[in-house]
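The values are calculated or read from the model by the stated rules, or taken from the named source; none is laboratory data. Keep in mind that what you see is a predicted model, and the values were worked out from it rather than measured. Every residue, glycine as well, gets a Cβ built from its backbone with ideal geometry; the counts of neighbours run over all protein chains shown. Accessible surface areas use protein heavy atoms only, side chains included; no ligands, DNA or RNA. Shrake-Rupley method; radii C 1.70, N 1.55, O 1.52, S 1.80 Å.
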Amino acid sequence: MPDLALTTLTIRRPDDWHLHLRDGAMLQAVLPETTRHFGRAIIMPNLVPPVVTGAQAADYRARIMAAMPAGADFKPLMTLYLTETTDPDDVREAHRSGVATAVKLYPAGATTNSASGVRDFEKVRAVLETMAEIGMPLCVHGEVTDRDIDIFDREAVFIDRVLKPLRKKVPDLKVVMEHVTTKDAVDYVRDSHKNLAATITTHHLIINRNHILAGGIKPHFYCLPVAKRETHRVALVQAAISGDKRFFLGTDSAPHTDPAKLQPCGCAGIFTAPNTMSCLAEVFDVAGKLKKLEAFTSLNGPGFYGLEPNADTITLTKGDPVSYPAQITTADGPVTVFDPGFDLHWHVDA
Ligand code: NCD
Ligand code: ZN
């Protein structure tokens, strides 16, 4: 039940621990949608070609800084895309110099632009051991890619086949299981003692697979990992509203133009940057847990990464439904904004 007495909420400025900003015209168009509310974000490296080396991450960060809207106070936290030929010394230096905050593991072929990802985990062992030594987190796209594994089972199978053995081999490695979509993943993270956390997206707290498939196919609800059945969505909401330090926001806001999404083989990715905070406030309010919103969006993430929460705050105010544009325009074409399917009553005063 919503707490009807609560109509304004001031929280530390939120961070986004998993964000796709892209490059070029798309970067220019989507960056303000994040900097309006967020203080920092972990920037995904799945450009074409991917951001693999420290030098490439420094260049990409410079392009992000050049695209920054006037007056924005936003810090991009860069990641390196792990390949089987990643050099441990380059990773060490990128971390030491502050160029890279984390390394991203995509199993080869798991998702958009992941062809250069890892097939043989033994080949990246030296990198993982270096990261464990220097305390640099590994962000994991937790899905196996085998053709014979059902797409709805790929996350649960990944935990058993990849994550458990990997964490046993390199127990001191800090791992973020990203965009978890299953009760299996929530339980696995909750049962772990240390060095494991999970991000949860905005959309996976709101949609289940019926939203994608029932009554006509909805390409704008298609992302990877794909949304699962309702029991899993409920488990994600329970984890998010629990305040448990191991769960925090990673929107996985992943803009694609409408022509790229609306075609026979459409791209995976949901663009949630503009309305994420209003969506989350609604979810937490309906659950009667608004007071846990700050932990999820602003405290637990920095805690796991060993950073301070942002010093400043944002204020959310409840009132008449707030409207967000259905699309934003970019020089590459329109990008549709996530439609939660219900009214949003929480305005964000950044
Ligand atoms: C992401 C993208 O478009 O880059 N897509 C998605 O469905 N989430 C890639 C990813 O994070 O899997
Ligand atoms: Zn992503």
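Annotations
- Close Cβ contacts (under 6 Å, 6 or more residues apart or on different chains) running from residues in region 25-41 that are free of Cβ contacts under 8 Å to residues at least 60 places away in the same chain and within 21 Å of residue 257 (Cβ to Cβ) to residues that are polar (S, T, N, Q) and open to solvent by 10 Å² or more (accessible area, probe 1.4 Å) are absent.
- Within region 28-51, tally of residues that are within 13 Å of ligand 1 (Cβ to nearest atom) and either more than 15 Å from the chain's Cα centre (by Cα) or farther than 14 Å from residue 249 by Cα (or both): 8
- Checking region 237-260 against the condition returns a match, with at least one residue being among the hydrophobic types (A, V, I, L, M, F, W, C), more than 19 Å from the chain's Cα centre (by Cα) and within 16 Å of ligand 2 (Cβ to nearest atom).
- Within region 199-219, considering residues that are within 14 Å of ligand 1 (Cβ to nearest atom) and buried (at least 20 other Cβ atoms within 10 Å of the Cβ), the one farthest from residue 296 (Cα to Cα): 207
For (1) in contact with a helix residue (DSSP H, G or I) (Cβ under 7 Å, 6 or more places away or on another chain); (2) near ligand 1 (Cβ under 10 Å from one of its atoms); (3) at pLDDT 95 or above, each residue gets a yes or a no:
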{"residue": "247", "(1), (2), (3)": "yes, no, yes"}
{"residue": "254", "(1), (2), (3)": "no, yes, yes"}
{"residue": "257", "(1), (2), (3)": "no, no, yes"}
{"residue": "263", "(1), (2), (3)": "no, no, yes"}
{"residue": "267", "(1), (2), (3)": "yes, yes, yes"}
{"residue": "270", "(1), (2), (3)": "yes, yes, yes"}
{"residue": "274", "(1), (2), (3)": "yes, no, yes"}
{"residue": "283", "(1), (2), (3)": "yes, no, yes"}
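- Only one of 306, 269, 319, 301 that is under 19 Å from the mean Cα position of the chain (by Cα) and exposed (fewer than 14 other Cβ atoms within 10 Å of the Cβ): 306
- Identity of the residue in region 25-46, open to solvent by 20 Å² or more (accessible area, probe 1.4 Å) and either assigned to a loop (DSSP other than H, G, I, E, B) or within 16 Å of ligand 2 (Cβ to nearest atom) (or both), that ends up farthest from residue 112 (Cα to Cα): 36
- Scanning region 336-350 for residues that are assigned to a loop (DSSP other than H, G, I, E, B) and modelled with pLDDT under 95 yields one hit, 350.
- The sole residue among 102, 70, 62, 25 that is small (Gly, Ala, Ser), touching a strand residue (DSSP E or B) at 6+ places or on another chain (Cβ under 6 Å) and modelled with pLDDT of 95 or more is 102.
- Region 72-91: number of residues that are among the charged types (D, E, K, R) and over 21 Å from residue 17 (Cα atoms): 4
- Filtered residue count, region 254-284, keeping only those that are over 17 Å from residue 314 (Cβ atoms) and not aliphatic (A, V, I, L, M): 13
- Residues within region 65-86 that are open to solvent by less than 80 Å² (accessible area, probe 1.4 Å) and either within 16 Å of ligand 2 (Cβ to nearest atom) or within 27 Å of residue 129 (Cα to Cα) (or both), tallied: 10
- Of note, residue 224 does not satisfy the criterion of being under 28 Å from residue 302 (Cα atoms) and open to solvent by less than 10 Å² (accessible area, probe 1.4 Å).
- Pairing residues of region 55-72 that are within 20 Å of residue 101 (Cα to Cα) with residues that are open to solvent by 70 Å² or more (accessible area, probe 1.4 Å), at Cβ distances under 9 Å and at least 6 apart in sequence or on separate chains, gives 56/49.
- Residue match in region 283-297 (condition: under 20 Å from residue 29 (Cα atoms) and β-branched (Val, Ile, Thr)): no
- Enumerated helices (runs of 4 or more DSSP H) restricted to region 93-171, each holding at least 3 residues that are within 16 Å of ligand 2 (Cβ to nearest atom) and either under 18 Å from the mean Cα position of the chain (by Cα) or buried (at least 17 other Cβ atoms within 10 Å of the Cβ) (or both): 154-158
- Residue within region 153-167 that is within 18 Å of residue 245 (Cα to Cα) and among the acidic types (Asp, Glu) present: no
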